[in-house]
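Visitor: Just dropping this structure here.
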């Protein structure tokens, strides 16, 4: 069971790797163009639970970070957001609390160093006021990378040549790992900042 608990800590740490009005009200017309990503701030929380064979366990992992080495652009046209070579690195601490059968068995900080290589993707969108609906989100809630996700809503603010996109992403699913059923719940709140090119 110790191996399973240690494995859960690593898996949980990897579960996550992603509203104010400013000078102008965003519209489909004034957000169109090419934007360079300049920063991303993310705050994540994930819970991985199992109840199997008379044993129960829960891992709760939280992180908060600012990305470094940001690369790539976002091109917005009348109907799509096109992510071109989006990449970044993350250096942070994943705080994990593990319980087994209701008792805390570990309360640890795990160094988390990730390099997200370039991501390319396209998603359709709709905009209403400062709210944008992306048919596929951007933040990963599964930890592998920032890849296309389920539909999500976010807020846009524009201040001069700077656009800020705030997104809230969630996931709740049941899955099997090594023959054991797990319930996974995750939340990622992120703020991405872009500069018009």
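Visitor: Would you be able to say whether some residue in the stretch 149-157 is surrounded by 18 or more Cβ atoms within 10 Å (Cβ to Cβ), at pLDDT below 90 and closer than 30 Å to residue 51 by Cβ?
Guide: Yes: one or more hits.
Visitor: When residues of the stretch 58-70 are filtered for being more than 30 Å from residue 182 (Cα to Cα) and crowded, with 16+ Cβ neighbours inside 10 Å, how many remain?
Guide: 1
Visitor: Something else: From 165, 133, grab the single residue that is over 19 Å from residue 196 (Cβ atoms) and modelled with pLDDT of 90 or more.
Guide: 133
Here's the yes/no breakdown for (1) in contact with a strand residue (DSSP E or B) (Cβ under 7 Å, 6 or more places away or on another chain); (2) within 22 Å of residue 152 (Cβ to Cβ); (3) surrounded by 13 or more Cβ atoms within 10 Å (Cβ to Cβ):
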position	(1), (2), (3)
73	yes, yes, yes
78	no, yes, no
87	yes, yes, yes
90	yes, yes, yes
98	yes, no, yes
106	yes, no, yes
112	yes, no, yes
117	yes, no, no
123	yes, yes, yes
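Visitor: Same structure again: Looking at the stretch 146-197, which of its residues are closer than 30 Å to residue 29 by Cα and more than 19 Å from the chain's Cα centre (by Cα)?
Guide: Answer for the stretch 146-197, where residues must be closer than 30 Å to residue 29 by Cα and more than 19 Å from the chain's Cα centre (by Cα): 157, 158, 159, 160, 161, 162, 195, 196, 197.
Visitor: All but one of (1) at pLDDT 95 or above; (2) on the phi > 0 side of the Ramachandran plot hold for residue 95, so report the exception by its number.
Guide: Going through (1) at pLDDT 95 or above; (2) on the phi > 0 side of the Ramachandran plot one by one, residue 95 breaks only (2).
Visitor: Continuing with this model, one more query. So residue 8 fits all but one of (1) within 20 Å of the chain's Cα centre (by Cα); (2) modelled with pLDDT under 95; (3) surrounded by fewer than 18 Cβ atoms within 10 Å (Cβ to Cβ); what number is the exception?
Guide: (3)
The values are calculated or read from the model by the stated rules, or taken from the named source; none is laboratory data. It should be emphasised that the depicted structure is a prediction, and the values quoted were computed from it without experimental measurement. Cβ: placed from backbone, ideal geometry, glycine included. Neighbour counts: every protein chain shown.
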